[in-house]
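Below: the structure, in structure tokens.
Computed from the coordinates by the stated procedures, all read-outs in this text should not be read as laboratory data. No experiment lies behind these values; they were computed from the predicted model shown. Glycine also receives a Cβ, built like all others from the backbone with ideal geometry; neighbour counts cover every protein chain displayed.
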Amino acid sequence: MSQTTAIQDRKPSAGGINSTFLWIEIKRMLRNRRTIIFTVLMPAIFFFIFGLSNKDQLLPNGHSYGQYILISLTVYAAMTAATGAGSQVAVERAQGWSRQLRLTPLLPGAYIAVKAAAALTLSLVAVIAQFIIGALAGVTMDPQIWLTAGLVAWLGSLVFAALGLFVGYLMPSQNVMQILGPALAILAMLGGLFMPIEIMGDTFGEIARFTPAYGIGQLARSPITGEFDAVWIVNVLVWLAIFVGGAAMAFRRDTKRV
Amino acid sequence: MTDVPAIQAEGLHKSFGKVHAVRGLDLTVQQGEVVAFLGPNGAGKTTTIDMILGLSAPDTGSVSVFGRTPRAAIARGQVAAVMQTGGLLRDISVRETVQLTAAMFDSSRPVDEVLTRAGILDIADRKVEKCSGGQQQRLRFAMALVSDPGLLILDEPTTGMDVAGRRDFWSAIRADASRGRTVIFATHYLEEADAYADRIVLVRHGTIVADGTAAQVKNLASGRTVRATLPPGDRELLAGLPPAAAVDYDAGRVTVRTADSDSVVRYLLNNTGAHDLEVVANNLEEAFVALTADEPGTDTQPAFEGDRA
């Protein structure tokens, strides 16, 4: 058994990312029924509502509306998954877990990195689930389109992981997703994920360009629309900077006040 | 092992807005001591513990743990704490919680060993949210043991536990402390301090009002209190009193806490103009109340300060 000796000789722990932490975080996320409802079930239902009836209508460039809406809703699924995962810090703060972690060598940066990695894992699950549902519903695309669109939706969700962290550090609420869920639906609508921006009208079409889901949606659909605009990348980067900056600020405020 | 103190706190002050929670607190805890940090709610116990753990920074003053900053001691796994509430994830199992905590340290005790010592190996696969308050507290204890810390800090660890849970919890702590670990626990239960600590530090209004062995505190408590009306002109005669634990003079009344009330009474009646004498027996509860209660106008003297420095 142990004895408490050699107290002075101990070396400090590195406090970096470790696989046990990451693995337990991922398990927690996948076991959470509410997250699965938000990230897999709801986008699937939206696909059946918005996409299925007119999936065989053609867009001007010859691609089907089904492809368009499937990719859009995949972006929506990934962003919901990542936001939800990031916002879990609100629950952990409320339960005093963040404070408990401050009694371990874990570095704050490592905690954030693990949260981001877990968020990306969950959004990957969301992307794959959404694509499987689409494929089963009869949407067909070239392999490289599946791959490119999927990668953009997946990696783009990092923007929303940062949003989740931001809001999670800002609000003490246990039910942060009940506020974020509807907010994300509005952002998705404004960003053209539920219906094409072209049919939204001039005013909303103009507003859409400045909302956080717009750039990722346009980029993810780029393989089927054949369009590209550097402004979309600017949109993504600006929102990423805003959310990461906000999260960092809220995090610092949170650790100072005890 | 060298003789560096487990805790050395000097001149700690901490305010929250207008509330001056800790006011010039000095505390040195040597390795191997089991210290009760005893005081009523709001005495500044938790604020002091937070500063020892580096969870908050003192406004002025300094804290070192094994000669290092609190954060450096935590990074080396030298100090761990059992908090009163919170600090657990509800959606994972008892074993996962300990595994997760262990993963933060570069070296740690085996998970099953720690669960056994906290007495929760049999519920290792239970979800945290399904555990009783006492089981959750023993889980916090298990998490604190993971890094095999030289110093264990417990903040009101048995709040909300039933009698059996409290007894089980303390027997686990006690078995552990017998291995040489330094333990400091905050409590407002007098019996806990008496039963489990070999040194009691009484705090009130953010400062230490008494500091001594449990036996000394008991002595203080087992004596008697002599009260008498004393003409102000006779005040200097109090210097000739037989040795007493504490002497207070307030509004014409003198109060003497002493283990030898007979000598005190004899002295007062023979050598001073004292009258209206009363002699009452103390108990531990009374000593605690006397030392920690709000008594505007009186200035309570530290009872055993000289014994400890």
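What to note about this one:
- Sorting the segments B:251-258, A:76-83 by their residues' average number of neighbouring beta-carbon atoms within 10 angstrom, most packed first, yields A:76-83, B:251-258.
- Legend: mean number of C-beta atoms from other chains within 10 angstrom of residue C-beta atoms, peptide B:55-62, equals 1.
- Per-residue mean of foreign Cβ neighbours for A:94-102 is 6 (Cβ atoms of other chains, 10 Å radius).
- Computed from the alpha carbon positions, the gyration tensor of chain A leads to an equivalent ellipsoid with semi-axes of 38, 19, 16 Å, biggest first.
- Furthest towards positive pole of dipole, A:Val127, B:Leu269, B:Gly206, structure part the protein assembly as shown, Cβ charges: A:Val127
- Residue mean of other protein chain beta carbons inside 10 Å, B:79-92: 4
- Measuring how big the protein assembly as shown is from its alpha-carbon positions, Rg and Dmax come out at 31.7, 116 Å.
- Magnitude of the charge dipole for chain B, about its Cα centre and with charges confined to Cβ atoms of Lys, Arg (+1) and Asp, Glu (-1), is about 740 debye.
- Rounded to 10°, Cα long-axis angle of helix B:261-271 versus longest principal axis of chain B: 30
- Ascending count of other beta-carbon atoms within 10 Å, so fewest first, for A:Thr39, B:Thr158: B:Thr158, A:Thr39
- Folded to 0 to 90 degrees: helix A:65-94 orientation relative to chain A principal axis, Cα: 20
- DSSP bridge orientation in the protein assembly as shown - percent antiparallel, rounded to nearest 5: 65
- Alpha carbon centroid spacing (whole Å) that separates segment A:20-85 from segment B:1-48: 53
- Residue (of A:Gly66, A:Ala90, A:Pro43) at the positive-pole extreme of chain A, dipole from beta-carbon charges: A:Ala90
- Across chain B, the relative contact order, built from alpha-carbon pairs under 8 Å that are at least six residues apart, equals 19 percent.
- Helix axis angle, A:176-190 relative to chain A longest principal axis, alpha carbon, degrees: 30
- Neighbour net charge for B:Asp59 - beta-carbon separation under 11 angstrom, K R +1, D E -1: +2
- Summed residue charge, Cβ within 12 Å of A:Pro60's Cβ, Lys/Arg positive, Asp/Glu negative: -2
- In terms of other Cβ atoms within 10 Å, A:Lys55, B:Lys45 run from fewest to most in the order A:Lys55, B:Lys45.
- Stokes-Einstein D in µm²/s, Kirkwood radius over Cα pairs - segment B:154-194 at 20 °C with 1.002 mPa s viscosity: 200
- A straight line joining the Cα centroids of segment A:180-221 and segment B:64-78 runs 51 Å.
- Checking every one of the chymotrypsin sites (Phe, Trp or Tyr not before Pro) in segment A:126-228 against DSSP loop status and a limit of 15 other Cβ atoms within 10 Å picks out A:Phe210, A:Phe228.
- With the Kirkwood sum run over all distinct C-alpha pairs, chain B has a hydrodynamic radius of 21.1 Å.
- For segment B:1-146, with +1 on Lys and Arg beta carbons and -1 on Asp and Glu, the positive-most of B:Ala21, B:Thr116, B:Met51 along the dipole: B:Ala21
- Low-density loop positions, trypsin sites (Lys or Arg not before Pro), segment A:152-258 - DSSP coil, at most 10 other Cβ in 10 Å: A:Arg257
- Computed about the Cα centre, the dipole magnitude for segment B:1-157 is approximately 320 debye when only Lys and Arg (+1) and Asp and Glu (-1) carry charge, each at its Cβ.
- In plain terms, the bigger the Kirkwood radius, the slower the diffusion; for segment A:96-181, with that radius from Cα pairs, at 20 °C and 1.002 mPa s, Stokes-Einstein puts D at 141 µm²/s.
- Per residue Cα convex hull volume in Å³ - calculated over segment B:39-110: 127
- Computed about the Cα centre, the dipole magnitude for the protein assembly as shown is approximately 1220 debye when only Lys and Arg (+1) and Asp and Glu (-1) carry charge, each at its Cβ.
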